[in-house]
Amino acid sequence: MEYTGFFEVQANPDKKRAADIMKISRRVCSFFWDASPKRPHFEEREGQADMAFEILDDIKNDQHILVEAGVGIGKSFAYLVPLLLRTNQGGGTIVIATSTIALQEQLMRDIRFLHEQLGTRLRLVLAKGQTNYICMKRVEEYQARPDAKMPEELAALIADGYQDRAEYPGDLPQGLWEQICVKQFGYRCRKCHRRCLYRDMRSELRFSGGLVVCNQDFLTAHLLRQSRGLGGLINESVKIVVIDEAHNLESKVRSATTRSLEQARLLTLIKQVQHEVPAEMTAHIQGEVNSAKSAVRAFFKRLQEQVRRQIAESEQDMKYADRFFFRQDENSLALLRDMASTLKRLSESAQILSTLDLRRGDSGNAADDFYETADALSTLTNELHTNLLWIERKGRALELVFCPRNMRNIIRELYFEGNIRTVLTSATLTNTTQGSLQDMYSYFISNTGFPLDGRGFLSEPKPSPFPYDEHAMLYYCDDLPHPTQERGAFIQAGVERLVEILDISHGKALVLFTAKTDLEEVYQALQSRDLPYQVLKQQPGPSQDQVLKEFRDNVDSVLLGTGAYWEGIDIKGKSLSNLVIFRLPFPVPDPIIEDKVSMVKDGLMEVRVPEMIIKLKQGIGRLIRSASDTGIVSIIDPRLRDDPPARYRDIVWSSLPIQNRTTSLEVLSAFYASLRLDGAETRSK
């Protein structure tokens, strides 16, 4: 069996390339249609083979491709099979960039399996972030401290060469790990004489080809360096990159181009710079040091005032807010410019004076870091109109954060205008099912600049093969107070409705929130009741893994979460057979969202609704994770009511995978009961 319609060899200069792809197409056909039925635990999935052939077709046509592949399609195999075969033929280095370590490690398992099935032999490199590796220099410094508390088992493993956190057979205290992991890999790290797994991996990335699995942050950093004329982080033979979970691409590129300034860090740099200047010359810069410190303190005092004012004037409870607007009033801008100019003067003086120390051949580390920071701040004040600024709260500290406004242009230049060809895929890329393919992908296209001039191909979305309407039902409310206009009444009524929904499944629920404030209030309300199941809530950092384990093991428990829980949880089976959305995930007032809104005609329909739909699809995707999963989804929010309908009502409903819906708790309860065989097990179809 052959899928030759896509690959007719045309009369063009690259006949060999077309012929090679024709050969690969035969192998792809054999894998998905001929051999798969003979493999145990394999099944033919509609859309999977089509996606694989579309990717090959785009390689032949030298195009980028954007493809939404629903949960259960098997998108990883759909792109891995053709790309492994192509690379094995000498098609250059391929990079697969994801959003999470868990997905990276899963991809490595898939690739090793496919190597055996396809007979391919490629060099594989798993490039995790630097904080996943031990720094031996930091280990030595930690062990030399009088208060060091390193477990004997960890010390023994390190002595035997252990450096990768994933290989540790147990729980590592996060506080300890942060003191011994790689923190800032740079020029001096490359000259370090100690063995270093992270440095070896970085070297392998630059000097060997094959297949690289990394995160989107690392790939973006590589492309940014290349765009600035610097050496890349990955082998120069990269021809194709795959962006898996591509709905995160904009935020990842924004993160890579974002800088932040924090008062304590700036004051520390000033102090370090002062110490690097020869003792006999410190008097020459004392005045500049004092001016810089005063300017820094004055500016960050102004940020504190801005945050306090925004909290006091907000119609919403911002107790747990992390991000605030930077108001560019006359006084705030004057303080920003004064801080920038005083830091710039001090940095220039420190660069000169620190090089006069004959014991060093160059300026010191702090002087270099300080100069770079001061230069970036000076550039910012000269180009305020091209940057987006905001304030972030990190614990008790505030940061001034800034990034370029033209994110669409940056993504387009990095991913679509160079020599690489990009495959972008995710289960949540479309913001509507109505209209043309360009309409369906419109929000992603507007944010990333995906090309529509023949260099890019929009794939027909591949729907999930899971029987959603047989295995799931969606409940929505039409009788609750408005979530923002009557917030207090909504929370109170929402808790009552939530308890009724949880009673249907006797727990076994994940409840997703858009705001930490809502989560905390609902958690406290549930804790005050004598519920017959345990109520858990999301925890920060590594404690999150323990909470998720407890949720899986304690089948009747209820877990409340926000943030990463909307897309970062994969729990199959009855432990998660009830998914609750507590308030539609419209984006909260945010400098980034408001900047997008300012650039369109209809901010609600062109920004806020698409953002909400994509996140809602991600959240609902937590329920059905396999062909046998069953359960119910509830949306505690009256804004999707039938009468009177909101402007976006029909667009939202048509975009969701579950069309089987009701406003009746009785109907929902009966449906959930029908999914039970003996009152304990979920039916598998």
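The values are calculated or read from the model by the stated rules, or taken from the named source; none is laboratory data. None of these values were measured; they are calculated from a predicted model. All Cβ positions, even for glycine, are placed from backbone atoms using ideal geometry, and neighbour counts span all protein chains on display. The area values use the complete protein model at the heavy-atom level, side chains included, leaving out ligands, DNA and RNA. Shrake-Rupley method; radii C 1.70, N 1.55, O 1.52, S 1.80 Å.
Does Ile96 count as of a type in the set (A, V, I, L, M), at pLDDT 90 or above and surrounded by 24 or more Cβ atoms within 10 Å (Cβ to Cβ)? Yes. The lone criterion from (1) surrounded by fewer than 21 Cβ atoms within 10 Å (Cβ to Cβ); (2) among the charged types (D, E, K, R); (3) closer than 30 Å to Leu400 by Cβ left unmet by Asp602 is number (3).
Do any helices (runs of 4 or more DSSP H) lying entirely in the range 586-685 carry at least 1 residues that are farther than 28 Å from Ile391 by Cβ, and which ones are they?
Hits in the range 586-685: 609-620, 649-655, 665-674.
Listed by first and then second residue, the pairs with beta-carbon distance under 8 Å, at least 6 apart or on different chains, first residue in the range 300-316 and in contact (Cβ under 8 Å) with a residue 24 or more places away in the chain, second open to solvent by 40 Å² or more (accessible area, probe 1.4 Å) and not β-branched (Val, Ile, Thr), are Phe300/Gln263; Arg302/Asn331; Arg302/Leu335; Gln306/Phe325; Gln306/Arg327; Val307/Arg393; Gln316/Arg487; Gln316/Pro589. Screening Phe113 against (1) under 20 Å from Arg27 (Cβ atoms); (2) exposed (fewer than 15 other Cβ atoms within 10 Å of the Cβ); (3) modelled with pLDDT under 90; (4) not β-branched (Val, Ile, Thr) leaves a single unmet condition, (3). Out of the residues in the range 120-131 meeting the condition of being assigned to a loop (DSSP other than H, G, I, E, B) and open to solvent by 50 Å² or more (accessible area, probe 1.4 Å), tell me which one is nearest to Leu84 (Cα to Cα). Filtering the range 120-131 for residues that are assigned to a loop (DSSP other than H, G, I, E, B) and open to solvent by 50 Å² or more (accessible area, probe 1.4 Å), the one nearest to Leu84 (Cα to Cα) comes out as Arg121.
Restricting the search to the range 24-33, which residues are open to solvent by 40 Å² or more (accessible area, probe 1.4 Å) and either of a type in the set (A, V, I, L, M, F, W, C) or under 12 Å from Phe53 (Cα atoms) (or both)?
Here is the first cut: in the range 24-33, the residues open to solvent by 40 Å² or more (accessible area, probe 1.4 Å) are 26-27, 30, 33.
If the condition is that a residue be open to solvent by 40 Å² or more (accessible area, probe 1.4 Å) and either of a type in the set (A, V, I, L, M, F, W, C) or under 12 Å from Phe53 (Cα atoms) (or both), then Arg26, Arg27, Trp33 are the ones that fit.
Taken residue by residue, the range 90-111 has no member that is basic (Lys, Arg), in contact (Cβ under 8 Å) with a residue 40 or more places away in the chain and not in a strand (DSSP E or B). Among the residues of the range 575-619, those identified as under 18 Å from the mean Cα position of the chain (by Cα) and not hydrophobic (A, V, I, L, M, F, W, C) are Pro585, Pro587, Asp590, Pro610, Glu611, Lys615, Lys617, Gln618, Gly619.
Condition check: among the aromatic types (Phe, Trp, Tyr), surrounded by fewer than 21 Cβ atoms within 10 Å (Cβ to Cβ), out of contact with any Lys or Arg (no Cβ under 8 Å at 6 or more places or on another chain) and over 30 Å from His385 (Cβ atoms). Does Phe582 satisfy that? Reasoning before the result, please.
Details: among the aromatic types (Phe, Trp, Tyr): yes; surrounded by fewer than 21 Cβ atoms within 10 Å (Cβ to Cβ): no; out of contact with any Lys or Arg (no Cβ under 8 Å at 6 or more places or on another chain): yes; over 30 Å from His385 (Cβ atoms): yes.
Spelling it out, it is not the case that Phe582 is among the aromatic types (Phe, Trp, Tyr), surrounded by fewer than 21 Cβ atoms within 10 Å (Cβ to Cβ), out of contact with any Lys or Arg (no Cβ under 8 Å at 6 or more places or on another chain) and over 30 Å from His385 (Cβ atoms).
If the condition is being open to solvent by less than 20 Å² (accessible area, probe 1.4 Å), in a helix (DSSP H, G or I) and free of Cβ contacts under 8 Å to residues at least 60 places away in the same chain, then the range 520-547 contributes Leu526, Val547. When the helices (runs of 4 or more DSSP H) confined to the range 326-426 are screened for residues that are surrounded by fewer than 17 Cβ atoms within 10 Å (Cβ to Cβ), at pLDDT 95 or above and not polar (S, T, N, Q), those reaching at least 3 such residues are found at 330-355.
Of these, Arg145, Arg138, which one is assigned to a helix (DSSP H, G or I) and of a type in the set (Lys, Arg)? Even if it seems obvious, please write down each step before you answer.
Details: Arg145 fails: assigned to a helix (DSSP H, G or I).
Going through Arg145, Arg138 in turn, just one is assigned to a helix (DSSP H, G or I) and of a type in the set (Lys, Arg): Arg138.
Scan the range 552-565 and give yes if some residue there is among the acidic types (Asp, Glu), in contact with a Phe, Trp or Tyr (Cβ under 7 Å, 6 or more places away or on another chain) and open to solvent by 20 Å² or more (accessible area, probe 1.4 Å), otherwise no. Within the range 552-565, one or more residues are among the acidic types (Asp, Glu), in contact with a Phe, Trp or Tyr (Cβ under 7 Å, 6 or more places away or on another chain) and open to solvent by 20 Å² or more (accessible area, probe 1.4 Å). Selection of the range 152-175 for residues being without any contact (Cβ under 8 Å) to a residue 12 or more places away in the chain and more than 21 Å from Glu105 (Cβ to Cβ) yields Glu152, Ala156, Ala159, Asp160, Pro173, Gly175. Scanning the range 548-568 for residues that are part of a helix (DSSP H, G or I) and of a type outside the set (Asp, Glu) turns up Leu548, Lys549, Phe551, Arg552, Gly563, Ala564, Tyr565, Trp566. When Ser626, Ser577 are checked against the criterion of being open to solvent by less than 20 Å² (accessible area, probe 1.4 Å) and under 20 Å from Pro465 (Cα atoms), Ser577 stands alone in meeting it.
Can you tell me which residue within the range 148-175, out of those that are part of a helix (DSSP H, G or I) and open to solvent by 90 Å² or more (accessible area, probe 1.4 Å), is farthest from Gln544 (Cα to Cα)?
From the range 148-175, those part of a helix (DSSP H, G or I) are 152-159, 165-167, 174-175; that's our starting set.
Now narrow it down to the ones that are open to solvent by 90 Å² or more (accessible area, probe 1.4 Å): 152-153, 167.
Values: Glu152: 25, Glu153: 24, Glu167: 19 Å.
Ranking the candidates gives Glu152 first.
Here Pro645 fulfils each of the conditions (1) over 25 Å from Gly507 (Cβ atoms); (2) touching a residue at least 40 places away in the same chain (Cβ under 8 Å); (3) open to solvent by 20 Å² or more (accessible area, probe 1.4 Å) apart from (2). For the range 176-186, check the following and say yes or no: at least one residue is open to solvent by 50 Å² or more (accessible area, probe 1.4 Å), touching a Cys at 6+ places or on another chain (Cβ under 8 Å), of a type in the set (Val, Ile, Thr) and touching a residue at least 24 places away in the same chain (Cβ under 8 Å). No, every residue in the range 176-186 fails to be open to solvent by 50 Å² or more (accessible area, probe 1.4 Å), touching a Cys at 6+ places or on another chain (Cβ under 8 Å), of a type in the set (Val, Ile, Thr) and touching a residue at least 24 places away in the same chain (Cβ under 8 Å). With the requirement that a residue be surrounded by 15 or more Cβ atoms within 10 Å (Cβ to Cβ) and at pLDDT 95 or above, what does the range 432-444 give you? Within the range 432-444, Leu437, Met440, Tyr441, Ser442, Tyr443, Phe444 meet the criteria.
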